[in-house]
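**Q** Take this structure first; my questions come after.
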Amino acid sequence: VHVIADDRREGRALELKLDERGAFEALDLEPGEFNVAVWVPGWSYAVERDVIVRPGAQTYLVFELDRAGSASAQVVYEGTTTGIEGVEVQVDPWIQGLTRDIEEIVTLSYRTDASGRVELDSLNPGENRVRLYAPWGAMKDAPRLLVGSAEHQHLIWTLKAPASCAGLLLDSSGDPTAGTV
């Protein structure tokens, strides 16, 4: 559970732990407006925006979570079946108006294995954005991933192979130059 001030106050998100019943409490909050994000592995995340905390009053929130979805994916070089090792796969739920603070909390990051495969678990049901970061610096937005509750998908994403360039630098007399360019 993350509690984030929604009124531009300086400070970090307050992170709370759930007890065995799923209950949490944030004591001694300064009155104001907050966004509360809840995420439990294997379940969906939920966000309650613009929660108002008034002096001397208690605010109760109830979150209902769905079973998360999952996917088995492979990242390959375009036009081949060769998997790419070490690709970072970032998945974040697409919800209009979600603040950057909350997006950072609910963004999941995975890395492909030696065969380019990756298991994506705890995916929020609904539409998710997927971004691939190749080890050589390339970045690609994959097609949006629509996940159902408790659903498992099998996916393949492609990246262009890295290009390289080699050459020889000559001086004005046609001789190879020495040193670093």
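The values are calculated or read from the model by the stated rules, or taken from the named source; none is laboratory data. Just so it is clear, the model here is predicted, and its values are computed rather than measured. All Cβ positions, even for glycine, are placed from backbone atoms using ideal geometry, and neighbour counts span all protein chains on display. Accessible surface is based on the protein model in full, side chains and every heavy atom, while ligands, DNA and RNA are left aside. Shrake-Rupley method; radii C 1.70, N 1.55, O 1.52, S 1.80 Å.
**Q** Name the single residue that is nearest to Ala138 (Cα to Cα) among those in the stretch 151-170 being of a type in the set (A, V, I, L, M) and not in a loop (DSSP other than H, G, I, E, B).
**A** Leu159
Quick grid of which residues meet (1) within 19 Å of Pro93 (Cβ to Cβ); (2) outside any strand (DSSP E or B); (3) modelled with pLDDT of 85 or more:
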{"position": "Arg8", "(1), (2), (3)": "no, yes, no"}
{"position": "Leu29", "(1), (2), (3)": "no, yes, no"}
{"position": "Pro55", "(1), (2), (3)": "no, yes, yes"}
{"position": "Gln58", "(1), (2), (3)": "no, yes, yes"}
{"position": "Leu65", "(1), (2), (3)": "yes, yes, yes"}
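**Q** Sort out which residues of the stretch 80-105 are touching a residue at least 12 places away in the same chain (Cβ under 8 Å) and open to solvent by 70 Å² or more (accessible area, probe 1.4 Å), and write them in order of number.
**A** Within the stretch 80-105, Thr82, Glu85, Trp94, Asp101 qualify.
**Q** Here is a further query. For a quick check of your reading of the model, give me the residue pairs whose first member lies in the stretch 132-147 and is within 15 Å of Gly83 (Cα to Cα) and touching a residue at least 24 places away in the same chain (Cβ under 8 Å), whose second is assigned to a loop (DSSP other than H, G, I, E, B) and open to solvent by less than 10 Å² (accessible area, probe 1.4 Å), with beta-carbon atoms closer than 6 Å and at least 6 apart or on different chains.
**A** Qualifying pairs under 6 Å: Leu132/Val87; Ala134/Val87.
**Q** For the stretch 132-181, give me each residue that is touching a Gly at 6+ places or on another chain (Cβ under 6 Å) and open to solvent by 70 Å² or more (accessible area, probe 1.4 Å).
**A** If the condition is that a residue be touching a Gly at 6+ places or on another chain (Cβ under 6 Å) and open to solvent by 70 Å² or more (accessible area, probe 1.4 Å), then Pro135, Glu151 are the ones that fit.
**Q** Are any of the residues in the stretch 41-62 in contact with a Leu (Cβ under 7 Å, 6 or more places away or on another chain), touching a residue at least 24 places away in the same chain (Cβ under 8 Å), under 30 Å from Ala134 (Cβ atoms) and open to solvent by 20 Å² or more (accessible area, probe 1.4 Å)?
**A** no
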